[in-house]
1. Identify the residue in the range 331-363 that is touching a Pro at 6+ places or on another chain (Cβ under 9 Å) and in a strand (DSSP E or B) and, among all such residues, is surrounded by the most Cβ atoms within 10 Å (Cβ to Cβ).
2. Taking Phe315 as the residue in question, decide whether it is buried (at least 21 other Cβ atoms within 10 Å of the Cβ), modelled with pLDDT of 95 or more and within 14 Å of the ligand (Cβ to nearest atom).
3. Given Leu81, Leu99, which one is surrounded by fewer than 20 Cβ atoms within 10 Å (Cβ to Cβ) and either modelled with pLDDT under 95 or over 19 Å from Ala140 (Cβ atoms) (or both)?
4. Yes or no: Val210 among the aliphatic types (A, V, I, L, M), surrounded by fewer than 20 Cβ atoms within 10 Å (Cβ to Cβ) and within 12 Å of the ligand (Cβ to nearest atom)?
5. Please indicate, with yes or no, whether at least one residue in the range 55-62 is crowded, with 23+ Cβ neighbours inside 10 Å, touching a helix residue (DSSP H, G or I) at 6+ places or on another chain (Cβ under 6 Å), in the same structural domain as Ala29 (by TED's automatic domain parsing) and not in a helix (DSSP H, G or I).
6. Quick one: would you say Ala180 is under 30 Å from Cys363 (Cα atoms), at pLDDT 95 or above and assigned to a loop (DSSP other than H, G, I, E, B)?
7. Of the residues Val204, Val172, Val137, which is surrounded by 21 or more Cβ atoms within 10 Å (Cβ to Cβ), closer than 20 Å to Lys267 by Cβ and in contact with a Leu (Cβ under 8 Å, 6 or more places away or on another chain)?
8. So which residues in the range 217-242 are near the ligand (Cβ under 10 Å from one of its atoms), at negative phi and not charged (D, E, K, R)?
Amino acid sequence: MIVEYKKKRFRIKRYPETGNRSLRAWNAADEFLLDIVADENLAPRKMLIVNDRFGFLSTLLHDKEPLSVLSYHSQEQAHILNQTENKAPVDESLWLNPLDRWPENIEMGLIKIPKSMDLFRFYLHKISQSLAADGVVYAAFMTRFFTPQMVTIAKEYFEYVEQTKAWKKSRVMAMSKKKALPQRDFVHQVKTENGIVLHNYPGVFASRTVDTASRLLLDHLQIPENTQRVLDLASGNGVMAATILKRLPEAEMNLLDDFSLAMESSKLTVDGKNCRFHYNDNMDGFAPDYFDLIVSNPPFHFEYETNIEISLNLFKGASRCLKATGLFQVVANRHLNYKTHLVKLFSDVTVVAGDDKFVVYVCRQPIPMG
Ligand SMILES: C[S@@+](CC[C@H](N)C(=O)[O-])C[C@H]1O[C@@H](n2cnc3c(N)ncnc32)[C@H](O)[C@@H]1O
């Protein structure tokens, strides 16, 4: 998609690409933020951008050298793609991890409000920690996603919180005069029935209770004989890996997730001696025919979008990396009808459990790819 900004044309793409033409690389809330900062003359590294999913803001504003908080592996790839494509320098020294200590004296924070309010609070906490006393934060959202909690959270951190009028169905909340930072512990712990303590940073899937679908898969888990190498694909807080490790303490356990706060949560949850953590959005880094067992409760939502393409790509990876004798077990919403996709990748796909909402598939005999 092409956008014109300050008489220059930029082509901004999604990563990974999508065949769904209704999914866009930015929306009016991003444009609103752009408009607000258009005439600001800030020194380099004094602007901090948070939750810029595909790098729209950091690419168009690159001459201001903003710092950017990147929380997803796929978000890093999108930044590289769009900055390269638009001849903006890819400067990784401007990237911040959500758990790093962010630089001080930031003058302006720009945030696209995430769907998770816990994550919004966490980001605001971190921004406010880094903000100069007279700094300002602009938080943008599409009006249909507004919840009063956004204002409540903003007021925990700032004396002045004002909303603009709506523009193209988006709005911006301006926050200034930061308050003293409240004391908070952002890691939420959940104890499972079998005594595992799950650790969850904000925004991690099922951070308050074990997800019903994950539980269904674990209740019907099949473990092939002599299993040595296991992958928890889209591992979140590590609930599946931790449960399997109770039964297979000697196995090599691999966990892969695209969300850095999920990855860091799982490192706190799972402490097996043979665990390997892969912060990635695909399985390209694994050798073919490697795993005896792959389990997954794969994503089909991101924020407010529904998109099964991510899962289908992970299924291809699972088929390539599963041993001929291995098992791939997936749980998913019944209505997604994943069987039609799985049978193209595995010769034997069986439904082993289900309820009115979810189905557990066991896939055997990966079909070699041409
Ligand atoms: C439905 S949750 C399941 C989490 C965990 N396995 C559980 O059962 O609670 C899906 C997970 O997929 C992750 N995810 C999203 N896109 C991904 C991708 N491209 N590659 C790997 N993980 C991804 C999300 O961060 C999330 O943690």
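1. Taking the range 331-363 as the starting set, the residues that turn out to be touching a Pro at 6+ places or on another chain (Cβ under 9 Å) are 331-332, 338, 345-347.
Now drop any that are not in a strand (DSSP E or B), which leaves 331-332, 346-347.
On the way: Val331: 25, Ala332: 23, Phe346: 21, Ser347: 10.
Out of the qualifying residues, it is Val331.
2. Numbers: buried (at least 21 other Cβ atoms within 10 Å of the Cβ): yes; modelled with pLDDT of 95 or more: yes; within 14 Å of the ligand (Cβ to nearest atom): yes.
In short, yes.
3. Details: Leu81 fails: surrounded by fewer than 20 Cβ atoms within 10 Å (Cβ to Cβ).
Matching residue, one of Leu81, Leu99: Leu99.
4. When the stated conditions are applied, Val210 passes them.
5. Yes, some residue in the range 55-62 is crowded, with 23+ Cβ neighbours inside 10 Å, touching a helix residue (DSSP H, G or I) at 6+ places or on another chain (Cβ under 6 Å), in the same structural domain as Ala29 (by TED's automatic domain parsing) and not in a helix (DSSP H, G or I).
6. Values: under 30 Å from Cys363 (Cα atoms): no; at pLDDT 95 or above: yes; assigned to a loop (DSSP other than H, G, I, E, B): yes.
In short, no.
7. Values: Val172 fails: closer than 20 Å to Lys267 by Cβ; Val137 fails: closer than 20 Å to Lys267 by Cβ.
Only one candidate passes the filter, namely Val204.
8. Going through the range 217-242, the residues near the ligand (Cβ under 10 Å from one of its atoms) turn out to be 217-218, 232-241.
Cutting the leftovers down to at negative phi gives us 217-218, 232-233, 235, 237, 239-241.
Correct list: Leu217, Leu218, Leu233, Ser235, Asn237, Val239, Met240, Ala241.
The values are calculated or read from the model by the stated rules, or taken from the named source; none is laboratory data. For clarity, every value in this text was computed on a predicted model and none was experimentally measured. All Cβ positions, even for glycine, are placed from backbone atoms using ideal geometry, and neighbour counts span all protein chains on display.
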